[in-house]
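*Asks:* What follows is a single structure, and I will ask about it in a moment.
FYI, it's all coordinate maths here, none of it is from the lab. These figures come from a predicted structure and were not determined experimentally. Virtual Cβ from ideal backbone geometry, glycine too; neighbours counted across all protein chains shown.
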Amino acid sequence: MTDRSLVHIAFYAALIAALGLVPPVAIPLTGGVPITAQTLGVMLAGVMLGPVRGGLAVLLFLFLVALGAPFLSGGRGGWGVFTTPSVGFLIGWPVGAFVAGWIMRATSDMNIFVATAVSAAIGGIVVVYAFGVPGVAIMAGLSLPKAALASVIYIPGDLVKVVLAALITQTVARGLPGAVLSRSSSGANDKMAD
């Protein structure tokens, strides 16, 4: 892995942490899993960096949280966060970033706004919820259908994040096309790093 790749990974881990400064909105129906802005960072890591680097950025972020860094929204951190109903979503984040990056790379012939929206929606919502809903069910003592129904409350906010991710990526691609590593020739050259 190149030094440049490491800088990109660290930058997106820091971006996810910075989005944790936005105050969370607790949802009692799902065992207290909060609405946060951090899923936007997960989506952006995947669509901007590609599958492996995007996933590694999220894993770095979660590693720092596990070490006790209070980087999750609301100043949460430490091993304890992995014993809460949020655990499924947290586990789903790196997988979601990987999938978003993979789809972004696979749709390189598509309009960047559309490709980003599709990638972010599948990786950042479908995949993350595939882990998050069972996590809520297990940790909050709910049936899977009840956990799924309770989690529907997050979808409007996540759809807003998908649109924001698409707008941000499209804007960056216009001004600095090489910064969208999932689509740039430098990203393709770094596939060995991925």
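*Asks:* Taking springs between alpha-carbon atoms closer than 10 angstrom, which of PHE71, PHE82, PHE61 fluctuates most in the Gaussian network model of the chain?
*Replies:* Maximum among the listed residues: PHE82.
*Asks:* Further question on the same structure: Run the dipole for the range 43-185 about the Cα centre, Lys and Arg Cβ at +1, Asp and Glu Cβ at -1, nothing else charged, and hand back the magnitude in debye, nearest 20. Write down the numbers at each step before the final one.
*Replies:* Values: 7 positive and 2 negative charges, 22 e Å.
Computed charge dipole of the range 43-185: roughly 100 debye.
*Asks:* Extending each Cα 7 Å along its Cβ direction at LEU21 and ALA130, get the distance between those two points in nm, one decimal.
*Replies:* Label at LEU21, label at ALA130, 3.4 nm between them.
*Asks:* Quick one: length gained pulling VAL160 to ASN111 fully straight, 0.36 nm per residue minus the C-alpha distance?
*Replies:* Working: separation 49, 0.36 × 49 = 17.64 nm, distance 1.91 nm.
Once the chain is fully extended between VAL160 and ASN111, it gains 15.7 nm.
*Asks:* In nm, to one decimal, how far is the LEU67 label point from the ALA148 one, both placed 7 Å along Cα→Cβ?
*Replies:* With each label placed 7 Å out from Cα toward Cβ, I get 3.9 nm.
*Asks:* Show me the helices of the chain, taken as full DSSP H stretches, that run 27 Å or more along their long axis by Cα and average 0.5 or above in Kyte-Doolittle hydropathy. Present the calculation step by step, with values, prior to reporting the outcome.
*Replies:* Values: long enough: 87-106 (29 Å, 1.44); 155-175 (30 Å, 1.11).
Helices meeting the criterion: 87-106, 155-175.
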